[in-house]
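One structure is given here, and the rest of the page talks about it.
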Amino acid sequence: MSNQIKQKAIEEINQANDLKKLEEIYRIYIGRKGKLTKVLRSLKDLSEKEKKEKGKIANQIKQEIKQMIKDKEQKLFAKKDVNDKKEWIDITAPGIKVPQGHLHPITLVQRQVEDIFQSMGFSVLDGPEVETEHYNFDALNVPKDHPARDMWDTFWLKDLDLLLRTHTSPMQARYMEKNNPPLRIIIPGRCFRYEATDSTHDVQFNQFEGLMVGENISVSNFKAIIEEFFKQFFNSSDIKVRLRPSYFPFVEPGFEVDIKRKDGNWLEIMGAGMVHPNVFKTAGYIKEWQGFAFGMGIDRLAMIKYQIDDIRLFYKNDLRFLKQF
Amino acid sequence: MKISYNWLQSFFEKKLPVPNKLADLLTFHSFEVEEIKKCDQDWILDIDILPNRAHDCLSHQGIAREISALLKYPFKLINYKKKIKESKELASKVIDIEIEDKNLCPRYTSRVVVDVKIGPSPKWIQERLITCGLKPISNVVDIANYVMLETGQPMHAFDADKIKGNKLIVRRAKKGEKMVSLDDEKYDLDENILVIADEKDPVCIAGIKGGINPGIDEKTKRIILEAANFNPLVIRQGSKK
């Protein structure tokens, strides 16, 4: 039995003419499931005497085949070297550079926003993307069954009694619960809306929330700060901001903020307002504080800054798009 | 909401600013005007009225009142008393109204109109409805819609001769009750839904859908007009179902 295997193996080794084939032969005969290995394994069922005898032969054959394969391998290697020497390699040439990653446009804009606000003394905070109904709605003066809830199409996590935050505003409530004014914060983050997508709406988007509360913070403070922000962001001293009345349940009064573009047209860019007394009350403030809050789309800023006309491009991960930043 | 410029003008003796100017005025003081569109002799202003002002501004009267305050133009409601003849006979002789729970329906008013001839409504009413995005159906249905667009108060009309027992009851629906609406949809009702019922069956889902059974048709002679206030929470929950 072992001798038959040996004959066949020798024959095949002699015929093998490349390293790959040789490797295969090794696997077939003395690999983990190889023919000879099987023979060796089967020895354990034989009597002591037979085991000794046959084991010796089989081991010997194994060694022989191994040696033969090794010899042949060296021969093939030598041959390969000869072939390779025909090709010319300039070993002094510089290597191919590993491609370097770079930041996503949303990240770039977010960092710029953070820098500007930090320079004005705002702290940057982070909040959970999965929220409770309490922080996303109730604490922000949006009671259950109030028609204002229709303003946010929400992804509900029904079994968990949670939701994907529809705005970054819940962090206002979370932060004010634990901190007393005066305070100045911004909270950038991802938000979700359960709605049809188009060139300006996506089911997920990035927003940053701003909140400034003190003893006599007013709308004029807001206007000054936000005007300064846009001046720095667009790197232009000629930025005009105007406020229009609007409604968000967590502010009173509420307004839309427009900025004037280079072409002279006004562009709606964010929602803002003076924090509603109910929001302060829910946060547990007893003293009469006042302040403003605002929410702005980071995607929207990026779209304006880089002149991108479709918000969905940000999440498509098309390298042709991403490599431009 | 689509608001007709000419309709607004009818509340004022003074000439209103041109549509573009009026739109700017509203946008900078009250609500965003999303679109201004010419429509025959009229202009349509599509005004985005947000939830905090829905109760007083979702109507032509409401917007006119807002404009009156902004421009300091005197504003007058149209006096219909002069235009409508009333008989001495009481509506309560034709129909009996019963409210089971005052909390769910703080106020229910109705009037009865007799000797009605169903047909198309006058052209000017049809035009205003079309301008505001509604389809004219018949004089009775149209006037109910017209009143809603003007005042913000929803109305509903029943055929008085199809109400069983001459009685309308405002109550919670019973589990298992069903109703077919005017637009031929079947609804399964339960206790969370407020209905108007006659002696036997629900004839209307309060504030949401009219039923087909007492609906107005070409043979209708006497109508009951409903103008009611319902508990907003119950209506909202009902409409979500």
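Rule-based calculations on the coordinates, nothing more; no lab input. Nothing here was measured: the structure is a model prediction, and the numbers come from that model. Cβ atoms come from the backbone with ideal geometry, glycine included; neighbour counts cover every protein chain shown.
Summary of computed values
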item	result
Per-residue [θ]222 nm for chain A (sum of -39500 (n - 2.57) over DSSP H runs n ≥ 4, rounded to 500)	-13000 deg cm²/dmol
Chain A, relative contact order in percent, only Cα pairs under 8 angstrom and at least six apart counted	15 percent
Spin-label pair A:Lys281/A:Gln60, simplified geometry with 7 Å Cα→Cβ offset, distance in nm	10.1 nm
Ranked B:Glu127, B:Glu218, criterion: other C-beta atoms within 10 Å, fewest first	B:Glu218, B:Glu127
Nonlocal amide H pairs with A:Gly254, under 5 Å, H built at 1.01 Å	A:Ser246, A:Phe248
Selected from B:Ser10, B:Asn20, B:Gln41, residue furthest toward positive end of dipole (the stretch B:2-71; charges at beta carbon)	B:Ser10
B:Ser68, A:Ser246 arranged by Cβ crowding within 10 Å, fewest neighbours leading	B:Ser68, A:Ser246
Neighbour-count order for A:Thr132, B:Thr220, A:Thr92, fewest beta carbons within 10 angstrom listed first	A:Thr92, A:Thr132, B:Thr220
Low-density loop positions, chymotrypsin sites (Phe, Trp or Tyr not before Pro), the stretch B:13-103 - DSSP coil, at most 15 other Cβ in 10 Å	B:Tyr80
Distance (nanometres) between label positions extended 7 Å along Cα→Cβ at A:Lys70 and B:Lys117	11.9 nm
At most 11 other Cβ within 10 Å, DSSP loop - trypsin sites (Lys or Arg not before Pro), the stretch B:112-170	B:Lys117
Cut-off under 5 Å, modelled amide H: who pairs with B:Trp43 long-range	B:Tyr5, B:Asn6
For chain A, built as a Gaussian network whose Cα springs stay under 10 Å, the top-fluctuating residue of A:Asn278, A:Asn17, A:Asn235	A:Asn17
Lys, Arg +1 and Asp, Glu -1 on Cβ, resulting dipole of the protein assembly as shown about Cα centre, debye, nearest 20	2100 debye
Average Cα contact separation per residue, the stretch B:1-102, under 8 Å, 6 or more apart, as relative contact order %	29 percent
Calculated [θ] (222 nm, deg cm²/dmol) that DSSP helices of n ≥ 4 give over chain B, each run adding -39,500 (n - 2.57)	-7500 deg cm²/dmol
Label zone at A:Arg320 (point 7 Å along Cα-to-Cβ), backbone N below 13 Å, the stretch A:95-112	none
Inter-site label distance for B:Asp184 and A:Lys33 at 7 Å from Cα along Cβ, in nm	6.8 nm
FRET efficiency for A:Lys262 and A:His201, using Cβ-Cβ distance with R0 set to 22 Å, rounded to 0.05	0.30
Length-normalised contact order for the stretch A:2-84 - Cα pairs under 8 Å, 6+ apart - percent	38 percent
Number of partner chain Cβ atoms within 10 Å, mean per residue of B:18-29	1
Förster radius 56 Å - calculated FRET efficiency between B:Gln41 and B:Glu191 (Cβ-Cβ, nearest 0.05)	0.65
Note, ³J(HN,Hα) from phi for the stretch B:207-224, Karplus 6.51, -1.76, 1.60, rounded to Hz, x at Gly and Pro	x, 10, 9, x, x, 6, 4, x, x, 7, 9, 5, 8, 4, 10, 10, 10, 10
